[in-house]
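Here's the structure we're looking at; comments come further down.
The values are calculated or read from the model by the stated rules, or taken from the named source; none is laboratory data. Being a predicted model, the structure only gives us computed values, none of them experimental. Cβ coordinates were reconstructed from backbone atoms using ideal geometry, including for glycine residues, and neighbour counts include every protein chain displayed. We work out accessible area using only protein heavy atoms, side chains counted, and drop any ligands, DNA or RNA first. Shrake-Rupley method; radii C 1.70, N 1.55, O 1.52, S 1.80 Å.
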Amino acid sequence: MGVSVRDPNTLSNYAAWLTKHTTANLTIDFDEHALKGRVDYRILSRTQKESNEIILDSSFVSVKSVSVGGSPAQWELKERHKAFGSPLHISVPEGAAEGDELDLSIELQTTKECTALQWLTPAQTSNKKHPYMFSQCQAIHARSLFPCQDTPDVKSTYTFNITSPLPVVASGVLESETIGENGTTYVFEQKVPIPSYLFALASGDIATAKIGSRSKIATGPEELEGAKWELEQDMDKFMEVAEKVVFPYKWGEYNVLVLPPSFPYGGMENPVYTFATPTIISGDRQNIDVIAHELAHSWSGNLVTSCSWEHFWLNEGWTVYLERRIGAAIHGEPERDFSAIIGWKALEDSITHFGADHEYTKLIPTLKGVDPDDAFSTVPYEKGFHFLYYLEKLVGRDNFDKFIPHYFTKFSGKSLDSFEFKETFISFFDSLGDEEIKKKVAEIDWEGRFYNPGLPPKPDFDTSYVDQCYSLAEKWKDSSYSPSKSDVESFSANQKLVFLESIQKFDPPISSERAKLLGDAYDLLSSQNVELKAAYYHIAMGAKDTSSYEGVSDLLGRVGRMKFVRPLFRGLNKVDRELALKTFEKNKDFYHPICRGMVEKDLGLE
Ligand code: BES
Ligand code: ZN
């Protein structure tokens, strides 16, 4: 078959073996903070070479026993690689011929070092009644749950047999619930093959309500009404638009689980159940673009998947592109450029942060030996979006709209790299038979677009929604400007954000008195919207308004979303390191292990 390993972030020998089906039989033990049980794998031999050994990724998993074809097998956990974990070598002495399938079973349990799971005590939950647990596997944390081919280049179907005393949510469709001695066993099926990073579980005091024809919201019973209100108006609309742009939704249900505040991301596109931060439930329906984004992953990422984290832009760039198409269809075309302008600013910030020559500012960075979490930034999102936006403008919207379903159909159920994307794009427009477009496509600088570090060429944006934000910021340049509430009355939350980001850029920064005035005049501290609050705190810290530092510290004890936590810690660390360290010490158990690890790095505590 000639399969090559194109993912540098796995230690598995997936060129030789392919996981076809995975059955996770796991009990959630809230007392010991562990998943315990057995994982069964159906594995296909892809080649004669190397085939007397199966190597799986694993990280901090306690392996009890391994069997192959029903008989005990020899196995060994090799020395730990700092970023990639300890590969599990399993011997298959008699080997397997190409095309043979064998059954592998591993008895195991997770350990305290598991990076994918967060366990909350009842006291750490909002109603303080029950414990809670949830997983976050992207990018390479699935290997800390159970040994697996932890690469987006391998896709398996899944059966989840999960036993818990509390309701369970997983990235599959619920088939049955059976009450037993140790709790209820929930069976979920995922019949669409998925990569390991989309394996997901959560369990706790979870209630559900309907928010659309194919959609439910799940969250704590006390939070249910608010969460339902936030999404019920738009859920079906999002799905209709996405289905029109690409093709019908393939996963049965699209549900959203709103997690406790320590969830480290805005959202995670776990199939069937998107996991989301509670910061999107802001009471104003202004932060649900995160849901449009995660829904869009149902096509870009979950059906059509980048084969390694080096080609991550194929997941995130396409998803941002589709998310903005959804936004434009619902709120009008200028909304797309408005969102793109916000994204451009985030891209500039990332590139300034890394340095314009940095490897991680390339559309396709080299991640050999690198923990993908360390390379994570807005670059693949925004540089990826801008590449697609450029291609759309080049061939024209109507033509690009024909390419979208072609591409997603061709790679549905598969993983691909950027070179296959390029080849598909070129041959699609070759066969369209329009000579003028063919000529334009032939002139695309693929090398430059793929490998030039720093900012891509800046497009002309439709600035109609941002102009008001910039002109208000312009007024603030005059230090005698006296603000009033009405300045921002007509602004959307995102327009306020653009305004605040312009103020953040003032050089010299505004004075601490002016910063306080701004916060008061526009009610920024009483806002439920963490996005606005955090943006304001960056202004206050930049202005050395010492009276704001306690507020920053307090917010850092209430949200665990890395998008806010990491920059706020970096900001606080600059102006008051002692308070930053004290705040981290106080809250480190509140943060998810991934977030805790990243903040430790950011604060130089490693
Ligand atoms: N898949 C990502 C989250 C992610 C990326 C987790 C890499 C782990 C490693 C998700 O779809 C995402 O991009 N979330 C964003 C939402 C935003 C772009 C609307 C987030 O969390 O902020
Ligand atoms: Zn995403």
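Relative to the longest principal axis of the Cα atoms of the chain, the long axis of helix 593-602 makes an angle of roughly 50 degrees.
Electrostatic tally near Glu600: other residues with Cβ closer than 10 Å to its Cβ, Lys and Arg +1, Asp and Glu -1, net +1. Helices in the chain, meaning DSSP H runs of at least 4 residues, each add -39500 (n - 2.57). Divided by all residues, the mean residue ellipticity at 222 nm is -11000 deg cm²/dmol.
Compute the FRET efficiency between Lys244 and Lys601 as 1/(1 + (r/R0)^6), taking r as their Cβ-Cβ distance and R0 = 45 Å, and round to the nearest 0.05. Here the calculated transfer efficiency is 0.60.
The stretch between Gln528 and Asp374, if pulled fully straight at 0.36 nm per residue, gains 52.4 nm over its current Cα-Cα span.
Beyond 18 Å, the tail of the calculated P(r) for segment 464-603 holds 54 percent of the Cα pairs.
The relative contact order of the chain comes to 11 percent, based on Cα pairs under 8 Å that sit 6 or more residues apart. Pairs spanning more than 32 Å between alpha-carbon atoms, out of Lys485/Lys544; Lys458/Lys516; Lys216/Lys368; Lys216/Lys601; Lys64/Lys582: Lys458/Lys516; Lys216/Lys368; Lys216/Lys601; Lys64/Lys582. Taking all protein chains into account, the per residue accessible area for segment 206-298 stands at 32 Å² (1.4 Å probe). Summing charges over neighbours of His141, with a neighbour being any other residue whose Cβ is under 11 Å away from its Cβ, gives -3 when K and R count +1 and D and E count -1.
Backbone phi angles across segment 560-576, fed through the Karplus curve with coefficients 6.51, -1.76 and 1.60 (θ = phi - 60°), yield HN-Hα couplings of x, 6, 4, 3, 8, 4, 5, x, 5, 5, 4, x, 5, 4, 5, 9, 7 Hz in residue order; Gly and Pro are listed as x. The alpha-carbon atoms of the chain define a convex hull whose volume equals 151 cubic angstrom per residue.
Computed over segment 171-266, the P(r) curve from all C-alpha pair distances, binned at 5 Å from the origin, holds 2, 10, 17, 21, 23, 17, 6, 2, 1, 0 percent per bin. For Ser213 and Val187, the FRET efficiency from 1/(1 + (r/R0)^6), where r spans their Cβ atoms and R0 equals 30 Å, is about 0.80. One quarter of the surface of the convex hull around the alpha-carbon atoms of segment 317-405 equals 6.7 nm², the direction-averaged projected area. Summarising the overall dimensions of segment 15-169 from its C-alpha atoms, the Rg and Dmax are 16.4, 56 angstrom. First compute the accessible area of the chain with a 1.4 Å probe, then give the percent of it belonging to carbon and sulfur atoms. Within the chain, the accessible surface is 50 percent carbon and sulfur. Using the structure shown, select from Lys402/Lys496; Lys383/Lys440; Lys402/Lys440; Lys78/Lys191; Lys475/Lys574 the pairs with a Cα to Cα distance greater than 25 angstrom. Listed pairs above 25 Å: Lys402/Lys496; Lys78/Lys191; Lys475/Lys574. In this structure, the amide hydrogen of Lys20, modeled 1.01 Å from its nitrogen in the peptide plane, lies closer than 5 angstrom to those of Arg42, Ile43, Leu44, counting only residues at least 5 positions away or on a different chain. Projected label points at Ser471 and Leu44, each 7 Å from Cα along the beta carbon direction, are separated by 6.1 nanometres. The Cα atoms of segment 244-352 give a gyration tensor whose axes a ≥ b ≥ c have a/c under 1.5, which makes the shape rounded.
The length gained on full extension between Glu225 and Phe461, counted as 0.36 nm times the residue separation minus their Cα-Cα distance, comes to 81.1 nm.
Phi angles of segment 219-226 translate, via the Karplus equation with coefficients 6.51, -1.76, 1.60 and θ = phi - 60°, into HN-Hα couplings of 6, x, x, 6, 9, 4, 4, x Hz per residue; Gly and Pro are given as x.
Label-to-label distance for Glu447 and Lys128 is 6.5 nm, based on points extended 7 Å past Cα in the beta-carbon direction. Excluding same-chain neighbours fewer than eight residues apart, the aspartates and glutamates reachable from Lys250 by a Cα-Cα span under 16 Å are Glu189, Asp236, Glu240, Glu269, Glu294. Applied to segment 580-591, the Karplus parametrisation 6.51 cos²θ - 1.76 cosθ + 1.60 on θ = phi - 60° returns per-residue 3J(HN,Hα) values of 4, 5, 4, 5, 5, 4, 5, 10, 5, 6, 6, 6 Hz, with x for Gly and Pro. Label sites at Lys440 and His353, each approximated as a point 7 angstrom past Cα along Cα to Cβ, lie 3.4 nm apart.
Near Tyr390: Cβ cut-off under 13 Å, other residues only, Lys/Arg at +1 and Asp/Glu at -1. The net charge is +1.
Multiplying the residue separation of Ser480 and Gln74 by 0.36 nm and removing their Cα-Cα distance gives an extension gain of 138.5 nm.
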